[in-house]
1. Looking only at residues in the stretch A:34-75 that are under 11 Å from the mean Cα position of the chain (by Cα) and among the β-branched types (V, I, T), which one is nearest to A:F24 (Cα to Cα)?
2. Quick check: is even one residue across the stretch B:393-412 out of contact with any Lys or Arg (no Cβ under 7 Å at 6 or more places or on another chain), away from chain A (no Cβ under 14 Å) and either surrounded by fewer than 23 Cβ atoms within 10 Å (Cβ to Cβ) or under 28 Å from B:Q662 (Cβ atoms) (or both)?
3. Which of (1) more than 16 Å from the ligand (Cβ to nearest atom); (2) surrounded by fewer than 20 Cβ atoms within 10 Å (Cβ to Cβ) is the odd one out, the single condition B:G596 does not satisfy?
4. Filter the stretch B:43-54 down to the residues that are in contact with a Pro (Cβ under 9 Å, 6 or more places away or on another chain) and within 14 Å of the ligand (Cβ to nearest atom), then identify the one that is modelled with the highest pLDDT.
5. Out of the residues in the stretch B:272-290 meeting the condition of being modelled with pLDDT of 85 or more and in a strand (DSSP E or B), tell me which one is nearest to B:A98 (Cα to Cα).
6. Considering (1) crowded, with 22+ Cβ neighbours inside 10 Å; (2) assigned to a loop (DSSP other than H, G, I, E, B), say which one B:D640 fails and leave the rest.
7. Among the listed residues B:L535, B:L514, B:L519, B:L503, identify the single one that is within 30 Å of A:E29 (Cα to Cα), away from chain A (no Cβ under 14 Å) and within 16 Å of the ligand (Cβ to nearest atom).
8. Residues that are in a loop (DSSP other than H, G, I, E, B), more than 16 Å from the ligand (Cβ to nearest atom), under 30 Å from B:V306 (Cβ atoms) and in the same structural domain as B:N675 (by TED's automatic domain parsing): does the stretch B:458-471 have at least one?
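The values are calculated or read from the model by the stated rules, or taken from the named source; none is laboratory data. The model shown is predicted, which means the values in this text are computed figures rather than measured ones. Reconstructed Cβ throughout: ideal geometry from the backbone, glycine too, with neighbour counts over all protein chains shown.
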Amino acid sequence: MKLSELAVGASAVVRELPKSGTAFVRLREMGLLAGTRVSLIRLAPLGDPLEIRLRGYHLTLRKSEADHVLVDPVS
Amino acid sequence: MALPPHIAGGTGSAPSRTPVYALVGNPNCGKSTLFNALTGLKQKVGNYPGVTVEKKIGTAYSQHGQPITVIDLPGAYSLAARSPDEAVTRDVLLGRRADTPQPDRILCIVDAANLERNLYLVHQILDLGRPVILVVNMMDVAIKAGLEIRIDRLEHELGIPVIACEAVNGRGVIDLKLAMSRADLPLSRHAWDIPAPIAKAVAELQASLTASDGKPPLIARAEALLLLTDQDSVRVAGSTPLSSRTAELLRGWQQRWEGEGTDWASSLVNSRYEAIGRIASAAVTQAGAAGPTLSDKIDRFATHPVWGWLTLGVLMTLLFLSIFTLAEYPMNLIDGAVAALADGVKANMAEGDFRDLITDGAIAGVGGVIIFLPQILILFFFIGLLESTGYMARAAFIMDRLMSRVGLNGKSFIPLLSSYACAIPGIMATRTIEDQKDRLVTILIAPLMSCSARLPVYLLMIAALVPGEQVPLLTKVGIMLLMYALGTFGAFGFAWLFKRTLLKGEPPLMIMELPPYRLPGLKDVMLQMFERGWLFLRRAGTVILGISIVLWFLAAYPKAPDGATAQQQLAQSFAGRAGHLLEPAIKPLGFDWQIGIGLISSFAAREVFVSTMGVVFNAEAEGDDTAPLRQALLAAKWPDGRALFTPLVCFTLMVFYVFAMQCVSTVAIVRRETNSWKWPLFQIGYLTGTAWILSLVVYQGGRALGF
Ligand SMILES: Nc1nc2c(ncn2[C@@H]2O[C@H](COP(=O)(O)OP(=O)(O)OP(=O)(O)O)[C@@H](O)[C@H]2O)c(=O)[nH]1
């Protein structure tokens, strides 16, 4: 499923993110890689951007990017 | 594993001159705090030529009193630069900048509570083959989060000195200084595997960069790795292009990999993170599961769909209240001091043009600008506070959706908001916006936010517009709000337009770290406030002084015959003649040449309009009491006997002031921040053009409707 579809509070492991694109290069460098565990912390008050937690810190990204990040939910 | 050839052998022996250290780290890891702790007040703040990135150089002293130069580089997440700030960090470290010596040694600072991501940059820097000292900052935060960080394990894994530190309270700084003054620093023994499919490309690119681009071999290797991480990073402003041979080679490899389906960029990042993971698992143990932190609890409230807006609203109201109330007292002081200075000069110098030049030109002109300094400083203080507590990122997070409607991102919010008080700190705060085009758009629209210098003009016009002596509060507030709304909508309209036409770019990203909330170091915030205030004075000062003198000259020459009143003098001066000259252009807006003089003179600062009207119509406004001036305005007539300041004209004049770019200080700052005259000139053109067109529409429309 897409990262943007994850329920608030749920965790997942990243399966795949697009190979190219400025946003995804940066996301990778920020530590969002295939195999990284993420949780969706909350959405901004107007529903976009998203706040996620990974590697012990919090990061925001827009839905338009999160739509392209595929994850496997973990319970 | 064998040592990689570029690192094996040799230690970095201390250079004979004063050693130069570069301080590098991710944003928010406490870098500025450490820099202040190391160098005290011995800092020089300036700019890197060609880009508007702050350049800070300071001197630290070893325990034996030896000086050590420290360059504070802008915060960066990666050497594959995404913003002009990161490009400066990359270029200084790679020795690409002619204006800054390549540092001998590198001080990497990381956030102990967030080690993995922070180590990514360190990992890239170790590739440079320079002696590195690692500072693990925020140890207190890590301990509170239940993390145990074993410094000795880190030292063992990386083979470089590692110092635990708490920059806010100075813990660890002495150890750090001891390490910094060591004559011999070991080079890192850390080795990592470049993924096999890529290793050959790295070697070829390295050779090509050495041969065709003139890079030293070690740097060439680091550059090759960067090119493969993100080839776009060479396109960031301020970068030098690749030689055609290297570019060709890079393209060749990329095509080949694309054909094979090799994901080169991510495999490089992956293997770095794998290496980091091994280091982290050796050095970090998580003692017990951490519950929600204080930061999590605050954010539940501060970014809540309801309470989040409330918090933002309350904070911003507080900000504005304090700007307008706290600033009043020092502003009166400055006003008094400037007047006293002018009086002193008047009393002690022989009468004459030179004396008038000093009092009415230089002192009055510069005084008219520094009167805003208290407001500007308070704003800088609040911006610094919002930044260092971490709330700034939350405000951007909350506002992002709204800003994205016009193609900007949440980071433009605070600069634009500050511009309601004064466009100058607002424009200087746009430095946090990474994307060049977004930053430019924000700068271009910032003056549309009605700043406090417009208030006196609005107040005078409202007083003249309403029939009674006393303006009903509701009318006053209503008209004011209308003007603020007009400017705000105008700003967003133009942002939308510019993002679609002139400054079209990729939709801005909102990939931003939300750092944990922190108690700010008041000393650091104050220091930053004074630095920025000083920067403003230095940058704008000369331009403002120059323009003030020119404006004075225009109003004082040519001389009227002896015994003429100030009013007659102004009427026949260059400024008066310029007013006449301007009249055909502004007559369709309902303005005559006398208002024209006001428009010209308020270029020094908008509120000068009020005092100019005082001279033109020979009626001084006493402080806040606009009554005598109001009477004079209402008595003013066109030559044919029609009243000049009809309610419609007053309203039109306000609309004009909402849009027109009439502030030399802003022009000076935009010139500095964009590094060219092109953008400030464009800004004057588009804003004043819009002011003229809208005023025309309002005035002629109003006339047609019978006002
Ligand atoms: N608890 C704690 N807070 C710290 C420490 N060092 C710095 N801080 C705080 O962390 C916040 C950020 O510090 P800065 O020095 O502004 O961080 P920076 O890395 O320069 O950040 P940018 O200016 O965004 O690049 C400030 O509020 C500091 O007071 C530390 O060791 N412990």
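1. A:V69
2. Looking for residues that are out of contact with any Lys or Arg (no Cβ under 7 Å at 6 or more places or on another chain), away from chain A (no Cβ under 14 Å) and either surrounded by fewer than 23 Cβ atoms within 10 Å (Cβ to Cβ) or under 28 Å from B:Q662 (Cβ atoms) (or both), one finds at least one in the stretch B:393-412, hence yes.
3. (2)
4. Result: B:E54.
5. Among residues in the stretch B:272-290 that are modelled with pLDDT of 85 or more and in a strand (DSSP E or B), the one nearest to B:A98 (Cα to Cα) is B:V284.
6. (1)
7. Only one candidate qualifies: B:L519.
8. no
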